[in-house]
1. Quick check: Cα centre of the range 83-153 to Cα centre of the range 9-72, how many Å?
2. For a quick check: with amide H placed at 1.01 Å from N, whose amide H comes under 5 Å from Ala14's, ignoring anything fewer than 5 positions away on the same chain?
3. Subtract the Cα-Cα distance of Val13 and Asp146 from 0.36 nm times their separation in residues, and report this length gain in nm to one decimal.
4. About its Cα centre, what dipole magnitude does the chain give when the only charges are +1 on Lys and Arg Cβ and -1 on Asp and Glu Cβ, stated in debye to the nearest 20?
5. Report, in deg cm²/dmol and to the nearest 500, the calculated mean residue ellipticity at 222 nm for the chain, where each DSSP H run with n ≥ 4 adds -39500 (n - 2.57) and the sum is divided by the residue count.
6. If we count every other residue with Cβ under 14 angstrom of Arg142's Cβ, Lys/Arg +1 and Asp/Glu -1, where does the sum land?
7. Given a cut-off of under 8 Å on Cα pairs at least six residues apart, what relative contact order in percent is computed for the range 116-158?
8. Treat the count of other C-beta atoms within 10 Å as a stand-in for reagent exposure and order Ser92, Ser126, Ser151, Ser74 from fewest to most.
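Nothing in this text is a laboratory measurement; each read-out follows from the coordinates by a stated rule. For clarity, every value in this text was computed on a predicted model and none was experimentally measured. Because the Cβ atoms are built from the backbone with ideal geometry, glycine has one as well, and the counts that use them run over all protein chains shown.
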Amino acid sequence: MVSDATFSIAGQVALITGATGGIGADLAAAFATAGARVAVAGRRTDAAERIAARIRDGGGDARAIELDLTTVASIERGVAATGDAIDEASLSYYHAEFLRHYEGHTADRSEIFPGAVALLTRLGDSGIKAGVCTNKPEGLSRRLLDALDLSRLVGAIIGPDTIGIGIV
């Protein structure tokens, strides 16, 4: 990719999380323009691959990586997939910082699907208990449901930490 950038990060690896859309996709393209080898990271591999392909089509160096920042194991796999490494102290620090930030902004962009409240209400009125099974830590999921006023409609929440997997 030919660049008019005022700085160069040629040859450096840029692991861009949330790169499957919006500003993350724009950042991935900008880093590629500046010469970085970009790891387009997100939970949706198909979307990450579309963004990486667009960057490659423009002459940049990009690859798609599945990554879920709520789990240390996923972060380790994501970093390893870039060909780079991260030490345990840095991994623990950045994971904790992500979770701290996420905890304070859990519902910032979350929206309830149209008809979801009505459906959950009808199920509850019919004696059918609803539950949530999620890839997010249980505590963060509870926070989100509380913020969206959905906790009253859900009888159980199961995250990876609920059953002892995925979260360190």
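1. Taking the Cα centre of the range 9-72 as reference, the centre of the range 83-153 is 25 Å away.
2. Arg37, Val38, Ala39
3. Values: separation 133, 0.36 × 133 = 47.88 nm, distance 3.83 nm.
Taking 0.36 nm per residue and subtracting the Cα distance, the gain is 44.0 nm.
4. Values: 16 positive and 21 negative charges, 88 e Å.
Rounded to the nearest 20 debye, it is 420 debye.
5. Details: 6 runs with 72 residues, N = 168.
Value at 222 nm, helices only: -13500 deg cm²/dmol.
6. Values: positive: Lys136, Arg143, Arg152; negative: Glu103, Glu138, Asp146, Asp149, Asp161.
Residues close to Arg142 contribute a combined charge of -2.
7. Values: 35 pairs, mean separation 21.4, N = 43.
Answer for the range 116-158 is 50 percent.
8. On the way: Ser92 13, Ser126 7, Ser151 16, Ser74 19.
Listed from fewest to most nearby Cβ atoms, that is Ser126, Ser92, Ser151, Ser74.
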